[in-house]
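Novice: Provided herewith is a single structure, encoded as structure tokens, for subsequent inquiry.
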Amino acid sequence: MKAENKELSVMLGLGTCLLIILTLVAPSTSSRADTGEGSAPLSKFLEIPLEGKSIPDKLRFPLYEQNAVQYFSAGLGKEERSLAYPPYSLKLIFVKGERAFLAGVAVEVINSEQTTLVSIPGEEVQGPWLFLNLPPGKYVIKATDSSGTTIEKSISLSGGKTSPVHFRWQ
């Protein structure tokens with residue numbers, strides 16, 4: 001009986017350690033969509049299968065939504081940069097200097113009526129790519145790096161393909 005209890009305590013100890021590690025390492029899973037009722041927990045993920053027999057067999061990205069606009073961040077490491085992503089209408093690419101990718105960029109999307117459609121905090125942009133599934137139209141995109149420097153660009157989306165837009169900080 002004592003041996004069984006020892007095994008159980010060791011198993012619980014490992015499980016507790018794993019839970020603590022996952023809590024510290026896992027990305028934030030709260031959506032900051034302005035619903036007027038505070039933040040709602042994130043319940044959606046985008047899963048993209050990896051080719052070949054790799055472990056894991058798919059990568060999982062937090063999928064956020066505000067005002068019917070879905071978005072997710074990616075592009076960390078060579079593996080993520082080689083994936084085939086869903087055909088979202090806009091792909092923002094954040095770069096600092098000549099070659100360094102940048103994460104943690106806060107983004108604001110303003111529609112043609114001068115209304116903020118999407119406001120994304122830097123904590124939700126964990127990679128140098130931000131995919132947004134916006135409807136066709138004209139938008140102003142404001143991207144702010146962690147030092148507070150904002151770059152603003154006007155874009156026009158026609159639909160049917162992903163439009164890449166680069167933001168480069170010096």
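Novice: Hey, any idea what the orientation-averaged projected area of the convex hull of the range 128-170's Cα atoms comes to, in nm²?
Specialist: 3.3 nm²
Novice: Assuming 0.890 mPa s and 25 °C, estimate D for the range 51-112 with Stokes-Einstein, Rh taken as the Kirkwood radius over Cα pairs, in µm²/s.
Specialist: 174 µm²/s
Novice: Can you give the extra length, in nm with one decimal, that the chain gains between LYS161 and PHE101 once fully stretched, where that is 0.36 nm per residue apart less the Cα-Cα distance?
Specialist: Gain in length upon complete extension: 19.3 nm.
Novice: While we're on this one: Any idea how far apart THR116 and LYS138 come out in nm if each label point goes 7 Å out from Cα toward Cβ?
Specialist: 2.2 nm
Novice: Moving to a separate point now. Considering the Cα trace of the range 70-170, what is its radius of gyration and what is Dmax, both in angstroms?
Specialist: Cα-based Rg and Dmax for the range 70-170 come out at 12.8, 39 Å.
Novice: Ignoring ligands, DNA and RNA, what percent of the 1.4 Å accessible area of the range 84-170 is carbon and sulfur?
Specialist: Within the range 84-170, the accessible surface is 51 percent carbon and sulfur.
Novice: What does the charge count around THR144 come to, taking other residues whose C-beta lies under 10 Å from its C-beta (Lys +1, Arg +1, Asp -1, Glu -1)?
Specialist: Its environment carries a net charge of -2.
Novice: Further question: In square angstrom, what is the accessible area per residue of the range 42-170 with a 1.4 angstrom probe?
Specialist: On a per-residue basis, 55 Å².
Novice: Could you please state, rounded to a whole Å, how far the C-alpha centre of the range 148-170 is from the C-alpha centre of the range 111-136?
Specialist: 10 Å
The values are calculated or read from the model by the stated rules, or taken from the named source; none is laboratory data. The structure displayed is predicted, hence computed values, not measured ones. All Cβ positions, even for glycine, are placed from backbone atoms using ideal geometry, and neighbour counts span all protein chains on display. Note: accessible area is taken over every heavy atom of the protein model, side chains too, but ligands, DNA and RNA are not part of it. Shrake-Rupley method; radii C 1.70, N 1.55, O 1.52, S 1.80 Å.
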